[in-house]
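Working notes for the structure below.
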Amino acid sequence: MAKSGNGISREQVDHREEESVLSERLAFTGRIAASIAHEIRNPLSNVSMSVQQLREAFPEDSPWTKHVEIITRNTERINFLIIELLNCARPPKLNIQPHSIHEILEGSLDSIKTKIGSKQIEVRKKFFRGSSVINLDKEQINRVFSNVMINAVEAMPDEGRMHIDTEVEGKLFVVKIRDTGQGIPEEDIIRIFDPFYSTKSSGVGLGLSMTYGIVVSHGGTIGVESEWKRGAVFTISLPVK
Ligand SMILES: Nc1ncnc2c1ncn2[C@@H]1O[C@H](COP(=O)(O)OP(=O)(O)O)[C@@H](O)[C@H]1O
Ligand SMILES: [Mg+2]
């Protein structure tokens, strides 16, 4: 079974080196991404405004309208990418408060309902019976869970199961999100936390690198295990302080 993430069970030393190299790389990529995003934002908003003017100038049946639509669609797409980039590049300022992880998980599940849509996806929960209240940033951790759940749903084109299990292991609150989707090929598993790594036609590839950053900033770890064609399991461990 292939493994990756900063929660992997290799030698401690290797693990720490790998983790710090990955964090540095993410921080560096983040700074470059933020500068590029800022530089693109202004000219892009000029393009959007001018296109809006053109749209108003042409009658709907004009042969030019379809080109205006194409420009509009693509500027919106670029704008979306820029926002994703900025979200990813900005290190989150954490608003740490005691919150129930189980409530956050329920909220994340609720928010991805539209993603599940008409797919036959069964959600199975096995929650730890004691308290799940720990200190964390609710919004950011919700993002972590939602990102991982959305990926799970996207890995199951028509049907499948998503298991959400929680457990307390010593000083860690552990959340496992498992799917029965397509899985991740062994040679790719090491790259899935890289910024811009995506195997999806319309994927941005920033979800997991953002997720990684949030978990690490909480002092936690995230790891993945997968077997190609058999699904994947993401393990998020957060310190119970
Ligand atoms: N549950 C999963 N099952 C299979 N592959 C996954 C799963 N989660 C993530 N991946 C792989 O990791 C890649 C990166 O994920 P992510 O950073 O969220 O970017 P995106 O979803 O935009 O592609 C995905 O494109 C996919 O190849
Ligand atoms: Mg994603």
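The values are calculated or read from the model by the stated rules, or taken from the named source; none is laboratory data. Note that the structure is a prediction, hence the values are computed from the model and not measured. Here Cβ is always computed from backbone atoms with ideal geometry, including for glycine, and neighbour counts include all displayed protein chains.
Tell me yes or no: at least one residue of the stretch 83-95 is more than 21 Å from the chain's Cα centre (by Cα), within 30 Å of residue 129 (Cα to Cα) and modelled with pLDDT of 85 or more. No - not one qualifying residue is present in the stretch 83-95. Only residues that are under 22 Å from residue 87 (Cα atoms) and either more than 12 Å from ligand 1 (Cβ to nearest atom) or touching a strand residue (DSSP E or B) at 6+ places or on another chain (Cβ under 8 Å) (or both) were counted across the stretch 121-150, and they come to 11.
Do we find a residue being within 16 Å of ligand 2 (Cβ to nearest atom), among the small types (Gly, Ala, Ser) and closer than 24 Å to residue 120 by Cβ anywhere in the stretch 185-199? Within the stretch 185-199, none of the residues are within 16 Å of ligand 2 (Cβ to nearest atom), among the small types (Gly, Ala, Ser) and closer than 24 Å to residue 120 by Cβ. Does the stretch 113-129 contain any residue that is closer than 19 Å to residue 206 by Cβ and either in a loop (DSSP other than H, G, I, E, B) or in contact (Cβ under 8 Å) with a residue 60 or more places away in the chain (or both)? Among the residues of the stretch 113-129, not one is closer than 19 Å to residue 206 by Cβ and either in a loop (DSSP other than H, G, I, E, B) or in contact (Cβ under 8 Å) with a residue 60 or more places away in the chain (or both), which makes the answer no.
The lone criterion from (1) outside any strand (DSSP E or B); (2) out of contact with any helix residue (DSSP H, G or I) (no Cβ under 7 Å at 6 or more places or on another chain); (3) β-branched (Val, Ile, Thr); (4) within 9 Å of ligand 1 (Cβ to nearest atom) left unmet by residue 211 is number (2). When the stretch 132-180 is limited to residues that are part of a loop (DSSP other than H, G, I, E, B) and away from ligand 2 (no atom under 16 Å from the Cβ), the one that is nearest to residue 95 (Cα to Cα) turns out to be 137. Taken over the stretch 228-241, the criterion of being within 15 Å of residue 179 (Cβ to Cβ) and either of a type in the set (Lys, Arg) or assigned to a helix (DSSP H, G or I) (or both) is satisfied by 229, 230. A search for C-beta distances below 8 Å between a residue of the stretch 183-211 that is of a type in the set (Ser, Thr, Tyr) and any residue that is part of a loop (DSSP other than H, G, I, E, B) and within 9 Å of ligand 2 (Cβ to nearest atom), counting only pairs 6+ apart in sequence or on different chains, returns 197/205; 198/204; 198/205. Being in the same structural domain as residue 195 (by TED's automatic domain parsing) and at pLDDT below 95 holds for only one residue in 134, 101, 116, and it is 116. Residues satisfying the criterion are present in the stretch 155-166 (criterion: under 16 Å from the mean Cα position of the chain (by Cα) and within 13 Å of ligand 1 (Cβ to nearest atom)). Residues in the stretch 198-226 that are within 21 Å of residue 74 (Cα to Cα) and of a type in the set (Ser, Thr, Tyr): 4 in all.
Okay, residues lined up against (1) within 11 Å of ligand 1 (Cβ to nearest atom); (2) within 11 Å of the chain's Cα centre (by Cα); (3) in a loop (DSSP other than H, G, I, E, B):
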| position | (1), (2), (3) |
| --- | --- |
| 197 | yes, no, yes |
| 202 | yes, no, yes |
| 219 | no, no, yes |
| 226 | yes, no, no |
